[in-house]
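Read through the structure below, which is laid out as structure tokens, and then see the notes.
The values are calculated or read from the model by the stated rules, or taken from the named source; none is laboratory data. What you see is a predicted model, and the numbers here were worked out from it, not measured in a lab. Here the Cβ positions follow ideal geometry from the backbone for every residue, glycine too, while neighbour counts run over all protein chains shown. Keep in mind that these areas ignore ligands, DNA and RNA; they rest on the heavy atoms of the full protein, side chains included. Shrake-Rupley method; radii C 1.70, N 1.55, O 1.52, S 1.80 Å.
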Amino acid sequence: MEVRDGLRYSDDHEWLRLEGDVGVIGITAYAADQLGDVVFVEMPAVGATLTLHQAFGVVESVKAVSDLYAPVGGEVVGVNEALAGRPELVNSDPYGDGWMVKLRVADAAQVDALKDADAYRELIRAG
Amino acid sequence: MTAPRIEMTIGPELGPRTALGPMLQPTLMELSRPGRGEGKVPHPPADALEDIPVEHRRAMPPALPELNEAEVVRHFVNLSHLNYSIDSGFYPLGSCTMKFNPKINEWAARLFGFAKLHPLAPDALAQGTLQLLWELEEALKEISGMAAVTLQPAAGAHGELTGILMVRAYHEARGDHDRREVIVPDSSHGTNPATASMAGFTTVTVPSDERGGVDLDALRAALSPRTAAVMLTNPSTLGLFEDRIVELLDAVHAAGALAYMDGANLNAVLGKFRPGAAGFDVMHFNVHKTFSTPHGGGGPGAGPVGVGEALLPYLPSPLVLREPDGSFRLERPGERPESIGRVRAYQGSTGVLVRAYAYIRAHGGTGLAQVSEDAVLAANYLKSRLGGAYEIPFDRPCKHEFVATARPLKEATGVRTLDVAKRLIDKGYHPPTIYFPLIVEECLLIEPTETESVETLDAFAEALIEIAREAHEDPDLVIGAPHSAPVRRLDEATAARQPDLRWRAMTGAETPCPQ
Amino acid sequence: MPYGPHTGDDRARMLAALGLDSVEPLFADIPASVRAHGLDLPGPEPELELAARLERLAARNRVDLASFLGAGVYRHYIPAAVDQILSRGEFYTAYTPYQPEISQGTLQTIYEYQSLLAELTGLDVVSASHYDGAAATAEAALMTVRATRRGRVLVSHAVHRHYLDTTRTYFTPAGLVLDELPTLADGTTDLAELERSLAAGAPVAGVVLGQPNVFGLLEPMAEAARLAHAAGALFVAVVEPVSLAVLAPPGAYGADIAAGEGQPLGIAPMYGGPYLGVLATTDALIRQIPGRLVGRTTDLDGRRAFVMTMRAREQDIRREKAASNICTNQALCALAATVYLATIGPHGLRDVAAGGAAKARELERALRVAGAPRVHRAAYLNEFAVHVPGAQRVHAALLDRGVLAGLPLARWYPDDLLLRDALLVCATEVTTSDDIARFAAALAAELGAAGRVPAEVAR
């Protein structure tokens, strides 16, 4: 299962890519595979402020529902509107078109605290 | 989100038409032709609605289908042929107790005196039904060992909510306001934690031990002055009796909590274990399971709740009471001020309860005990017949159902439990419950019930063994199953991504105004 | 045992396979201190005797009176085809359609039910899972709470008494607030008070009104919906489905959710159930509606087929985070409603609704002449309250004259001075002019006996 280098990862199987002070967030290929066919993604409102680990949305597949937890705190500055009509993007392109939200990162230290790709590979290997 | 408008036509997507055998059906809406039907009720005078202000009136009549009776009957009879049912074959759906549904139950519920009685009829007009309900309450008290029973809840989950609301009222009345947690085992039915949430509690999950029972140490550690109740299914969803039930109940009560029993699996222990006598404070019955009322395609059922002395004041109102003169009446509003109140309209799903009453009277005490003995014997026999083809994770005598797993089969052949289940359809059986309980990987939960003959059990065991052989020899045959059902496996992802939950091809404009 | 197949030989064979000579060891895991030994119940009853017992009990009920009792449960003509279809074992002895390949019969009928109820209510999404009108109303109120993340609902005092009480039972332990909206003298909900309640106090999640309301009266639904929406609340209409053949559907006046009792659609009164909770909503709230939903899809060969969908929100997967603990799908009752609607048809349904209205007007005239005028002035469809001095006594006396004179409203509103002396009466298409004449004559005689003979009757 692909773990992309250069991204940061949470223990809840979310990835974060930093673009300036904005973090783009999605779920990993491993998480998408575990869920199976994603059928719906519930997103927060743009402008909402999330704290670290706050549940901000829900990803629903045919057989399971998972809460999404903020890997870092910050203000929601964008959500992936395309997922409303094409939730399957989460399965087909989890690190690209399947992204979920953009947060203006409040505390850069929280990004540093996330895992790098190798540490995340270790996490999913350990199951 | 708007479901896409998709034109449906009667064509190849319904598959081949055969003289007998499965044949997919057009929908009622497709069959409709303006002008058909009529003749069931008289036409009212043209001015019947004249004094109803126009702003309250419907501007455009509903675009309901127009069919004649022969078409309607043929439509539903043909649809019925697409269903598997107990009346057509073996239905070993674990946790659901799919036993034979006696026909006299159906006859009884349709007797005019029962069927036409209005729920608000004065007690004087309802003596027959009230007597039946009262006698049913008495029988359920005896079966459960509880002090009182309410027949109101409309389903098992509704019974759970009723029971847990009483638990809440009990603690509140004692000023015990910190009890905000309900403990459930990880093998529990999903309704248990969902019920706890509805009643404003948080759920604490405790693991099972290696023997498939509740981990007693984990339970003791989880119990605290915050615990309101522990919800247990006994026998458990693994089909195993909690043999440390006495210690479990002692621990619950020592912590000041109440013990709730999910009665889903009562069919295993009729006359063998009375939860109220053993110390449970509250339980629900699933009369559609244990007392065969039937399942109705998923409902209606009924979920009466029994309580011990501690919860008596909180029972929902109204109860059925017997007066000293032998007449029966419903409790009056406010007669029991501590009641949790109403959990539904009127007093219960009487039509379902008539069937449960008939079932219990037909069996009597000895017959009910025999039901459990035969159900348990059948499950153990079937388990012994699977001989090595599937792994049995908890190898001790089971009650009315047991768990098997296809995990080794999956590792060896890639064939999953889902595939085994679908292949059983080709062999003429309804599959068992699969992937529940959640704690056993690739599991099948198999409940044969007491109404299946030994020949049926043997043939089903053979079918399962044969599928395991097929998985080794020709896995694609199993993975592609079912091959003989009216339809093949379905695209569930598209169904959920682009929900089409109603017919949209017709609009009101296409049918003439019935006025 | 009456329904078990096992002979002594069969049992012996199964035991032998287990290496046992009795079933006792299979129950050895029940500790001795809690082991029961039999049940003290009357003995097994042969079917002949059981049938006779059931017939005797059924005959003890009195269902032969001229009945004007409705109050949420209505007598309608049920075409014979309905029970013929419902009696098919393929439907009533199946379970929830977990295996769609061998459950297309149940699945398609639920899809058809969803379609027909969507058409009747003017909404998009219908769930067939709910127990009755009360439970559906409570679930509707909870939906507004989840969707708005607010914790307070306003329910009209004129919503069915049992629905209000049930919703309160569901709300209180969850820490939610239910405030009752008062009614005006004409029997409809006080919208000025609605406006004040929306503006003051905690933010409101939902506003719930009945159409017709519990007194049979027509409420200003469009205006109530407008007020609710202006305050960011959702609007719930509690409806009676037969009436929707002639009354504006909830979708037309902006309701976000419709709830109600499906019993009038081909289901017998049966002293309280089983019934059918109607619950419908808009596409916008599709993920808030609890219970089973059936969707259309295709199979591997591209054939059209139906399947339970969006199941991940349900209790068996989502557990403590589920939208509801609902597990039932009230499929057989939904089937009854579907067959009823298909058999009676759109014109027939309109005739049923309008026929009830016509009979109700005949009843109103007859009762007025007999000395029992209407209590409320607002428009009604087929049910209304009449003023009868000593209503409870008169109601009891009329039973002896073969008339079930509706519901004494004192049973539900004992503290309401106006309603304490009122009977809630209804008529449907099965009400006959003879029954109405009998009721009016009996009432006039009772009131006359009490010394209040109206001039028209005395003549």
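Worth pointing out:
- Filtered residues of the range B:262-296 (kept if without any contact (Cβ under 8 Å) to a residue 40 or more places away in the chain and at positive phi): B:Gly279, B:Gly296
- So B:Arg407, is it within 13 Å of another protein chain (Cβ to nearest Cβ) and farther than 26 Å from C:Asp10 by Cα: no
Results for (1) in contact with a Ser or Thr (Cβ under 9 Å, 6 or more places away or on another chain); (2) surrounded by 24 or more Cβ atoms within 10 Å (Cβ to Cβ); (3) at pLDDT below 95, shown as yes or no for each residue.
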{"site": "B:Gly89", "(1), (2), (3)": "yes, no, no"}
{"site": "B:Lys103", "(1), (2), (3)": "no, no, no"}
{"site": "B:Phe112", "(1), (2), (3)": "no, no, no"}
{"site": "B:Ala124", "(1), (2), (3)": "yes, no, no"}
{"site": "B:Glu135", "(1), (2), (3)": "no, no, no"}
{"site": "B:Thr150", "(1), (2), (3)": "yes, yes, no"}
{"site": "B:His158", "(1), (2), (3)": "yes, yes, no"}
{"site": "B:Thr162", "(1), (2), (3)": "yes, yes, no"}
{"site": "B:Arg174", "(1), (2), (3)": "no, no, no"}
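- Residue match in the range B:56-73 (condition: more than 7 Å from chain C (Cβ to nearest Cβ), within 23 Å of C:Ala331 (Cα to Cα) and either open to solvent by 40 Å² or more (accessible area, probe 1.4 Å) or touching a Phe, Trp or Tyr at 6+ places or on another chain (Cβ under 7 Å) (or both)): yes
- Selected residue (criterion: nearest to B:Pro26 (Cα to Cα)) from residues of the range C:309-349 that are modelled with pLDDT of 90 or more and touching a strand residue (DSSP E or B) at 6+ places or on another chain (Cβ under 6 Å): C:Ala334
- Residue match in the range A:73-85 (condition: surrounded by fewer than 20 Cβ atoms within 10 Å (Cβ to Cβ), closer than 23 Å to A:Leu123 by Cβ and without any contact (Cβ under 8 Å) to a residue 60 or more places away in the chain): yes
- Helices (runs of 4 or more DSSP H) contained in the range A:39-127 and holding at least 1 residues farther than 30 Å from B:Gln498 by Cβ: A:108-112, A:117-126
- Residue check: C:Leu120 meets all listed conditions (1) outside any strand (DSSP E or B); (2) touching a residue at least 40 places away in the same chain (Cβ under 8 Å); (3) in contact with a strand residue (DSSP E or B) (Cβ under 7 Å, 6 or more places away or on another chain) but one, namely (3).
- Within the range C:290-301, none of the residues are surrounded by fewer than 24 Cβ atoms within 10 Å (Cβ to Cβ), out of contact with any His (no Cβ under 6 Å at 6 or more places or on another chain), part of a helix (DSSP H, G or I) and not small (Gly, Ala, Ser).
- Subset of the range C:263-279 [in a loop (DSSP other than H, G, I, E, B) and either more than 18 Å from C:Val238 (Cβ to Cβ) or open to solvent by 10 Å² or more (accessible area, probe 1.4 Å) (or both)]: C:Gly266, C:Ile267, C:Ala268, C:Pro269, C:Pro274
- Of the helices (runs of 4 or more DSSP H) lying entirely inside the range B:333-437, those containing at least 2 residues that are within 26 Å of B:Ala154 (Cα to Cα) and open to solvent by 10 Å² or more (accessible area, probe 1.4 Å) span B:350-385.
- From the options C:Gly105, C:Gly133, C:Gly70, residue that is at the interface with another protein chain (Cβ under 7 Å from one of its Cβ atoms), at pLDDT 95 or above and closer than 27 Å to C:Leu424 by Cα: C:Gly133
- Residue count for the range B:192-224, restricted to those that are within 30 Å of C:Gly291 (Cα to Cα) and either free of Cβ contacts under 8 Å to residues at least 40 places away in the same chain or more than 12 Å from every other protein chain (Cβ to nearest Cβ) (or both): 17.
Results for (1) over 29 Å from C:Val430 (Cβ atoms); (2) within 24 Å of the chain's Cα centre (by Cα); (3) at pLDDT 95 or above, shown as yes or no for each residue.
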residue	(1), (2), (3)
C:Leu181	yes, yes, yes
C:Ala185	yes, no, yes
C:Leu191	yes, no, yes
C:Ser197	yes, no, yes
C:Pro203	yes, no, yes
C:Val208	yes, yes, yes
C:Glu240	no, yes, yes
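- Condition met for B:Glu242 (in a loop (DSSP other than H, G, I, E, B), open to solvent by 10 Å² or more (accessible area, probe 1.4 Å), within 28 Å of B:Ile392 (Cα to Cα) and at pLDDT 95 or above): yes
- Enumeration of residues in the range C:341-374 that are more than 12 Å from chain B (Cβ to nearest Cβ), aliphatic (A, V, I, L, M) and open to solvent by less than 30 Å² (accessible area, probe 1.4 Å): C:Leu363, C:Ala366, C:Leu367, C:Ala370, C:Ala372
- Exactly one residue out of B:Ala459, B:Ala471, B:Ala463 is touching a Gly at 6+ places or on another chain (Cβ under 9 Å), more than 13 Å from every other protein chain (Cβ to nearest Cβ), buried (at least 23 other Cβ atoms within 10 Å of the Cβ) and assigned to a helix (DSSP H, G or I), and it is B:Ala471.
- Residues that are crowded, with 24+ Cβ neighbours inside 10 Å and more than 7 Å from chain C (Cβ to nearest Cβ) within the range B:92-101 comprise B:Pro92, B:Gly94, B:Thr97, B:Lys99, listed in sequence order.
- Helices (runs of 4 or more DSSP H) wholly inside the range C:346-459 that include at least 1 residues being among the polar types (S, T, N, Q) and touching a residue at least 40 places away in the same chain (Cβ under 8 Å): C:433-449
- The range B:130-140, residues that are under 24 Å from the mean Cα position of the chain (by Cα) and within 7 Å of chain C (Cβ to nearest Cβ): B:Leu132, B:Ala139
- Boolean, B:Gly299 is at the interface with chain C (Cβ under 8 Å from one of its Cβ atoms) and closer than 22 Å to B:Ala264 by Cβ: yes
- Filter result for C:Arg56 (of a type in the set (Lys, Arg) and either more than 7 Å from chain B (Cβ to nearest Cβ) or surrounded by 22 or more Cβ atoms within 10 Å (Cβ to Cβ) (or both)): yes
- Residue count for the range C:296-316, restricted to those that are among the basic types (Lys, Arg), at the interface with chain B (Cβ under 7 Å from one of its Cβ atoms) and within 31 Å of the chain's Cα centre (by Cα): 1.
- Boolean, C:Ala51 is more than 30 Å from C:Leu398 (Cβ to Cβ) and aliphatic (A, V, I, L, M): yes
- Residue check: C:Arg88 meets all listed conditions (1) of a type in the set (D, E, K, R); (2) within 7 Å of chain B (Cβ to nearest Cβ); (3) closer than 30 Å to C:Thr137 by Cβ but one, namely (3).
- Within the range C:317-334, being in a helix (DSSP H, G or I), under 18 Å from C:Tyr131 (Cβ atoms) and at the interface with another protein chain (Cβ under 7 Å from one of its Cβ atoms) holds for C:Ala331, C:Leu332, C:Cys333.
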